[in-house]
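Asks: So that we are looking at the same thing, I have put the structure below in structure tokens.
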């Protein structure tokens, strides 16, 4: 089987490539990357006017299965990922049962293999049942296929437990991903604390609730010499302290979501619960800081934090609604629209944040780059086309997104996995 991708703008940060090239794929692997290729008998994909990038990996997704299948199943979540241009996703462990043992990890991987060509990289829990007390069996989880550890949705509250987690994960060359939130400061809050929350009569979550825990994690990372990854950074304070830590060579990486670089707390005035998330939407100054952090590499990766909820769960008062929105089918267009086209970050940086950086952070061999001999995974997208998603276009079981029925500049055209092309329908 041969596939020839012609005339695409190949952007591969790993090799520094940004030029119009042809790609020949044979038996699911890249076999040639040249200015002009002729291949008899090959299927041809004309990528004229399109960007061809290493396959995008979303390293922060909630697939909900096992346990919460009415919100999302592995099959429906991966269908959304494929339509969104993602060739792989890392799924968080806050399922039921929690992914705190090899049996659950293997269940997720087995179900994924029969559901979709999209690769699934399970994240095991840091602590058993997400209780923040006893460490999960890291070695067992790694052997079963886990790529990192996190109690996402909850911080690792105990500094002692976090230290041990960093030490054990570090001995396996794996990262601990932490949801940084001081639960006591944040308790009862449903939006960012400030003038807007006071005006709307909603209890707020201060920016300090995030930065206090980030500082704690950076201190422990420096103490142990081990890799900590900070999830969904939302504040200027958080970006600033991570930037300083990186200059001091602390082993830290970090991520940001499209909603935290696209939306501000002002949206909450509608009381639409699709604007409720954790961390909450912040101020314009925070949004600008997150964008700056992505531009200069302080924030390494762009992730969706895809968090599906059933319709009726969100159809309640704002402060009673669950946190989170779906994001797999809007992430790439939002990054194009809000970051690349306004020249806030370079196209190369965007591609790195979606592909190369997640592969590096999670230790995914032969992912996040275009190179002869490795699996041909690609994300092909347009900077000119527009995305306009209607509820019926969403592949997820849940529809909780504030970006439906909005024109967004930029669109995913096709996802290529092991040489197989999956076009995205208009």
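Asks: Might you check whether a residue that is more than 20 Å from the chain's Cα centre (by Cα), without any contact (Cβ under 8 Å) to a residue 12 or more places away in the chain, in a loop (DSSP other than H, G, I, E, B) and not assigned by TED's automatic domain parsing to the domain that holds residue 152 occurs anywhere in the stretch 5-24?
Replies: First, the residues of the stretch 5-24 that are more than 20 Å from the chain's Cα centre (by Cα): 5-10, 15-24.
Among the residues that remain, those that are also without any contact (Cβ under 8 Å) to a residue 12 or more places away in the chain are: 16, 19.
The next check asks that each one be in a loop (DSSP other than H, G, I, E, B); those that pass are 16.
Those still in the list that are not assigned by TED's automatic domain parsing to the domain that holds residue 152 too: 16.
Yes.
Asks: Quick check on this structure: which one of 361, 374, 302, 336 is modelled with pLDDT of 95 or more and over 30 Å from residue 169 (Cβ atoms)? Walk me through it before giving the result.
Replies: On the way: 361 fails: over 30 Å from residue 169 (Cβ atoms); 374 fails: over 30 Å from residue 169 (Cβ atoms); 302 fails: over 30 Å from residue 169 (Cβ atoms).
Selected residue: 336, the only one of 361, 374, 302, 336 that is modelled with pLDDT of 95 or more and over 30 Å from residue 169 (Cβ atoms).
Asks: A further question on this structure: Condition first: farther than 29 Å from residue 408 by Cα and within 16 Å of the chain's Cα centre (by Cα). Can you find one or more residues in the stretch 130-139 that meet it? Break it down stepwise before answering.
Replies: Our first condition is that a residue be farther than 29 Å from residue 408 by Cα; within the stretch 130-139, this holds for 130-139.
Now restrict to residues that are within 16 Å of the chain's Cα centre (by Cα): none.
Taking every residue of the stretch 130-139 in turn, none turns out to be farther than 29 Å from residue 408 by Cα and within 16 Å of the chain's Cα centre (by Cα).
Asks: When the stretch 51-74 is examined, which residues are found to be touching a helix residue (DSSP H, G or I) at 6+ places or on another chain (Cβ under 8 Å) and either surrounded by fewer than 22 Cβ atoms within 10 Å (Cβ to Cβ) or not in a loop (DSSP other than H, G, I, E, B) (or both)?
Replies: Hits for the stretch 51-74 are 51, 53, 54, 56, 57, 58, 59, 61, 66, 74.
Asks: At pLDDT 95 or above and not in a loop (DSSP other than H, G, I, E, B): is that true of residue 48 in this structure? Full working, then the answer.
Replies: On the way: at pLDDT 95 or above: yes; not in a loop (DSSP other than H, G, I, E, B): no.
For residue 48, the condition - at pLDDT 95 or above and not in a loop (DSSP other than H, G, I, E, B) - is not met.
Asks: Oh, and also: Just for the stretch 300-321: of the residues that are within 20 Å of residue 74 (Cβ to Cβ) and in a loop (DSSP other than H, G, I, E, B), which one is farthest from the chain's Cα centre (by Cα)?
Replies: 310
Asks: Among the numbered criteria (1) more than 18 Å from residue 371 (Cβ to Cβ); (2) part of a loop (DSSP other than H, G, I, E, B); (3) free of Cβ contacts under 8 Å to residues at least 60 places away in the same chain, which single criterion is violated by residue 37?
Replies: The single condition residue 37 does not satisfy is (1).
Asks: Now, a different point. Please go through (1) in a helix (DSSP H, G or I); (2) touching a helix residue (DSSP H, G or I) at 6+ places or on another chain (Cβ under 7 Å) for residue 281 and return the number of the only condition it doesn't satisfy.
Replies: Among (1) in a helix (DSSP H, G or I); (2) touching a helix residue (DSSP H, G or I) at 6+ places or on another chain (Cβ under 7 Å), the lone unmet condition for residue 281 is (1).
The values are calculated or read from the model by the stated rules, or taken from the named source; none is laboratory data. If you're wondering where the values come from, they're calculated on a predicted model, not measured in any experiment. Virtual Cβ from ideal backbone geometry, glycine too; neighbours counted across all protein chains shown.
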